[in-house]
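Worksheet: the structure to be examined is printed underneath.
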Amino acid sequence: MSNDTNVDDPPEDAPDAAPDGDSVEEQRERQGERSPYEEDGDRRTDVDDPTDDRSRSSDEDDDIETVNDLGSSVEVDPGVEVDEDIAEDDLLGGLKIDSTEDIEVPDRLVDQVIGQDEARDIIIKAAKQRRHVMMIGSPGTGKSMLAKAMSQLLPKEDLQDVLVYHNPDDGNEPKVRTVPAGKGEQIIDAHKEEARKRNQMRSILMWIIIAIVVGYAILSGSILLGILAAGIIWLIFRYTSRGTDAMVPNMIVNNGDQRVAPFEDATGAHAGALLGDVRHDPFQSGGMETPSHDRVEPGSIHKSNKGVLFVDEINTLDIRTQQKLMTAIQEGEFAITGQSERSSGAMVQTEPVPCDFIMVAAGNLDAMENMHPALRNRIKGYGYEVYMDDTIEDTPEMRRKYARFIAQEVERDGRLPHFTDDAVEEVILEAKRRSGRKNHLTLLFRSLGGLVRVAGDIARAEDREFTTREDVLQAKQRSRSIEQQLADDYIERRKDYELQVNEGGVEGRVNGLAVMGEDSGIMLPVMAEIAPAQGGGQVIATGKLKEMAEESVQNVSAIIKKFSDVDLSEKDIHIQFVQAGQQGVDGDSASITVATAVISALENIPVDQSVAMTGSLSVRGDVLPVGGVTHKIEAAAKAGCSKVIIPEANEQDVMIEEEYEEMIEIIPCANISEVLDVALMGEPKKDSLVDRLKSITGTAFDQGTVGSAGGSNPSPQ
């Protein structure tokens, strides 16, 4: 920003306009008033910028508030009694409450964050030192909440208003000036008052001239000529008055009423909304055009100056927009110009506008793949990267925090009845169930908050004072995901058309289990058939298998080729995933299903159709853990199966609803021979494939190789 501007800038305490020819800066110099700016090359900058790293004391690093300093383990209302003797086994962690009304909600957002202690610590440090942050994790884990909390921790005394002035030398290059927050409105008011007085004087002068001209015309008898002359005079004054209006600056950033550092959520913003834009002007000449400085629109990067710019799903930004965003981060200022090349605004470009913001980028794991590497490097080099946890260990302290979470949701909504203690317990049980891991609680708070709101809405519709456990149970049914509703519909339709078999024995047919979405189980039959080969033996699988599913089929065929005495070079093995749907089959959790179906077809041994199964399979016959076992078990129960086989390593992850516990028997298996023992009907022939598999896998597991399965990480399939 150049310092040689001759734009009038009336002082806040002088509503009268400055005399023609004297700028307000010159007035201030004559009055001995120090300008809040000084020269720094050809830019106008603040004299004392407390946010400048160079002006920081070296001792500040030692004063950074840690998680403990700011209360990471924020206690529930100190007035609430906690019974430590029962805390370990109590779903409320020993909390003695009648309802969430007894729980005090912290005022600061940073104190309301639950379960993300590492991320919270980083946000606190980043706010103290003005560092950029990138948070990667599943949706609903608290990324936007942490970004808002960061804006509350930033100092607010550094906020600025940004004014854009007409440039008399070049109308397409408006001048920019920053002033302390709140001063901008005073400057605008002073300019408007000056313009009003000038227009008033010009208006009086115009009517005097018109009166003289008309009076002379009447005396001379040339009335029409006088009227014409009066009209011309009016147009001249009207045209020239626009120049006076153009002297009023345009305030593009107003922080006068801002009480905390700005927070701008630019998620999904187009280039103009993010970087600023200049409106198109259809009247570009003839005195009817809008002055260019009045058409300047700030972007989120300018509104977040001295604050926080939050961009979720950062990889969805256009690559050129990411490059410009990186420039704004590096320079701390970014000129505003028209983003559309065919707009008249593209001819306008302001002086650089301050955008000294803290960047908080967020996204899922795939966000890093399409993110501009230089932008990520800029964030990483001058800030932090943090991964958001999906689950957290189930402890009495965390259960008490979950009770506080429900109280926070009720307070934030403002229309929900508070939850009774048994309703809170039911929500915590659901949090345990949704974690998918034993002794853990989910941190996907957005979906859990949805359950809280639905339960509260049910209670409110019944005009009850409190939300009860029955409301939560009803909400769980109403808040099922689309995938779960589809899965339940598929199960019912298959029963109608007898496509689902849950009794008797069938050769080469196995009831497999799969998941739709993240929380929806479905039964997916797999059929196998052995046919003479027309050429070399092949393994042919249908059902729109994706890469991982195809690889699992190959692993199964490797086991069969190794231990079967049948010459598979003369056989084709056909595997069909029945009614897999348009989405096809992904993942390897159907490996034991495929293996059982093929072995049954090869050996002509029927499979018990009351059994359903899920599990991955190694090439050595180990049954490896998979994800979604709870939802798969419930799907098997809904389909009418009486037994379900799961990997032994997943036994600890089972948290099915009470209504299904009596409906189905859960059988954990560690190797393929144990699976065949349960699934196949009748005794295998001596020296058959089944007999050899039992002998070989049994010996291997007796030698302790099963540990590899138990130590594997659960698959997300």
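The values are calculated or read from the model by the stated rules, or taken from the named source; none is laboratory data. All figures in this text were calculated on a predicted structure; none of them were measured in a lab. All Cβ positions, glycine included, derive from the backbone under ideal geometry; neighbour counts span all protein chains shown. Heads up: the accessible areas ignore ligands, DNA and RNA and are worked out on the full protein's heavy atoms, side chains in. Shrake-Rupley method; radii C 1.70, N 1.55, O 1.52, S 1.80 Å.
Not counting ligands, DNA or RNA, and with a 1.4 Å probe, what is W207's accessible surface area in Å² rounded to the nearest 10? Roll a 1.4 Å probe over it and W207 shows about 140 Å². Dipole magnitude for the stretch 96-233: about 600 debye, using +1 per Lys or Arg Cβ and -1 per Asp or Glu Cβ, origin at the Cα centre. For L513, the residues whose amide H sits under 5 Å from its own are L524, M613, ignoring neighbours fewer than 5 places away on the same chain, with H placed 1.01 Å from N. The slack between R342 and E503, meaning 0.36 nm per residue of separation minus the straight C-alpha distance, is 51.0 nm.
With contacts taken as Cα pairs under 8 Å and at least 6 residues apart, the stretch 284-350 reaches a relative contact order of 28 percent. Rolling a 1.4 Å probe across all protein chains gives R453 an accessible area of roughly 80 Å².
Here r is the Cβ-Cβ distance between D111 and Q330 and R0 is 35 Å; the resulting FRET efficiency, rounded to 0.05, is 0.55. Normalising by the residue count of the stretch 95-210, find the relative contact order in percent from Cα pairs under 8 Å and 6+ residues apart. Relative contact order of the stretch 95-210: 17 percent. Of all alpha-carbon pairs in the stretch 77-165, indicate the percentage at a distance above 20 angstrom. The answer is 55 percent, as a whole percent.
When H280, H372 are compared by accessible surface with a 1.4 Å probe, the order from highest to lowest is H280, H372.
Computed from the alpha carbon atoms alone, the convex hull of the stretch 165-284 holds 148 Å³ per residue.
Relative to the 2.2 N^0.38 Å rule of thumb, the stretch 309-405 has a C-alpha radius of gyration ratio of 1.50. Over all directions, the projected convex hull of the C-alpha atoms in the stretch 348-433 averages 11.0 nm² in area. Working from label points 7 Å from Cα in the Cα-to-Cβ sense, the D366 to L219 distance is 8.6 nm. Dipole magnitude for the stretch 344-399: computed about the Cα centre from +1 point charges on Lys and Arg Cβ and -1 point charges on Asp and Glu Cβ, it is near 380 debye. Remark: the S481-M681 segment gains 68.3 nm on full extension, using 0.36 nm per residue and subtracting the alpha carbon distance.
Among T327, I252, V213, whose Cα sits farthest toward the positive end of the charge dipole of the stretch 204-358 (+1 at Cβ of Lys/Arg, -1 at Cβ of Asp/Glu, about the Cα centre)? My answer, from the dipole projection, is V213.
In this structure R412 has an accessible area near 120 Å², from a 1.4 Å probe over the protein heavy atoms.
Over the stretch 370-478, what is the mean sequence separation of C-alpha contacts under 8 Å (at least six apart), divided by residue count, expressed as relative contact order in percent?
On the way: 115 pairs, mean separation 32.1, N = 109.
About 29 percent, as a whole number.
Sorting H166, H270, H418 by solvent-accessible area of protein heavy atoms yields H270, H166, H418, largest first, with a 1.4 Å probe.
Quick one: dipole size for the stretch 156-269, taken about the Cα centre, charges +1 on Lys/Arg Cβ and -1 on Asp/Glu Cβ, in debye to the nearest 20. Can you show the working numbers first?
Numbers: 12 positive and 14 negative charges, 139 e Å.
Once rounded to the nearest 20, the dipole reads 660 debye.
For F357, F237, write out the residues from largest to smallest accessible area, computed with a 1.4 angstrom probe and no ligands counted. Kindly include the intermediate steps, with their values, before the conclusion.
Values: F357 10, F237 40 Å².
Putting F357, F237 in descending order of accessible area: F237, F357.
In the stretch 423-506, a dipole from Cβ-located charges (positive for Lys and Arg, negative for Asp and Glu) runs towards its positive end, and of Q485, L441, V472 it is L441 whose Cα lies farthest in that direction.
In the context of the full set of protein chains, residues of the stretch 610-686 present 39 Å² of accessible surface per residue (probe radius 1.4 Å, heavy atoms only). Computed from the Cβ-Cβ distance with R0 of 41 Å, the FRET efficiency linking K192 to K96 stands at 0.10.
Kindly state, to the nearest 0.05, the FRET efficiency for A533 paired with E658, given R0 = 41 Å and r defined as their beta-carbon distance.
Values: r = 51 Å, r/R0 = 1.24.
Calculated value: 0.20.
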